[in-house]
Each structure stands twice: as C-alpha cells, then as structure tokens.
1. Give the residues of the range 76-105 that are surrounded by 13 or more Cβ atoms within 10 Å (Cβ to Cβ) and modelled with pLDDT under 80, sorted by residue number.
2. Taking the range 62-74 as the region of interest, how many residues are surrounded by fewer than 16 Cβ atoms within 10 Å (Cβ to Cβ) and in contact with a strand residue (DSSP E or B) (Cβ under 6 Å, 6 or more places away or on another chain)?
3. Determine if the range 21-37 includes at least one residue that is modelled with pLDDT under 90, more than 17 Å from residue 65 (Cα to Cα) and within 10 Å of the chain's Cα centre (by Cα).
4. Need pairs with beta-carbon distance below 6 Å; first residue on the phi > 0 side of the Ramachandran plot and within the range 81-95, second at pLDDT below 95 and outside any loop (DSSP other than H, G, I, E, B); sequence gap 6+ or separate chains.
C-alpha cells in the first residue's frame, strides 16, 4: 500500500511529519535493516537501512528519515500485513502499547 500521509500496519501507525524532535536518538541498523516494531515471535516489521536513518524518542515513538523511497515489511510468510510503501521524507512511527498493573509496555504478541 502506498502511503500518502498516514497508515497502520499491525502494531504500528506511520504518519508523515515535518521534522525529527531534538530528543530523538539515532538507532544503529542491524543486518542492514531497522526494526520499526519488534515481535517476540520474530515476525518484526522492518525497513531496509539503505537511504534511511531511524531515530527513537521513546519505547513507543520512532522516526524514519528517508532519502529514497522505502518499504516497511512484516517478516512473516503467512497471515502477513501488506507492505507499506513510503516516499522520501520524515515518517513518525507510533508503536502500540498495552497497560499492565506495572504500567504501560509495548504490546506483546
């Protein structure tokens, strides 16, 4: 699905924004990709790091700065979410959270 301004994929929301907040810290790519939403079962939502930088503002909020178009994919061979095609620019990634007696945490699989 080509994203113009906002889209959802499983545990994340993606939306176009104007800038990356100053408090967001750079993330190091692992094996040539960024994990934009982690899965305990290994079925992460990822984007290839080529032409891309990722920054995290919190456990629930990250940003992608894209110099070239990129695709967020759900790494699962069955019952997968449709890929999200993003144009150049800055994209905010909001990760789903859940509430527990101890407080909020990323939603678990």
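The values are calculated or read from the model by the stated rules, or taken from the named source; none is laboratory data. What you see is a predicted model; the values in this text were computed from it and never measured. When we count neighbours, we look across all protein chains shown, and the Cβ atoms used for this are built from the backbone with ideal geometry, even at glycine.
1. Result: 76, 80, 81, 96, 97.
2. Applying the first criterion (surrounded by fewer than 16 Cβ atoms within 10 Å (Cβ to Cβ)) to the range 62-74 yields 67-69, 71.
After this cut, where a residue has to be in contact with a strand residue (DSSP E or B) (Cβ under 6 Å, 6 or more places away or on another chain) as well, the list is 71.
Residues flagged as surrounded by fewer than 16 Cβ atoms within 10 Å (Cβ to Cβ) and in contact with a strand residue (DSSP E or B) (Cβ under 6 Å, 6 or more places away or on another chain) within the range 62-74 amount to 1.
3. No: zero hits.
4. Going by the 6 Å Cβ cut-off, there are no qualifying pairs.
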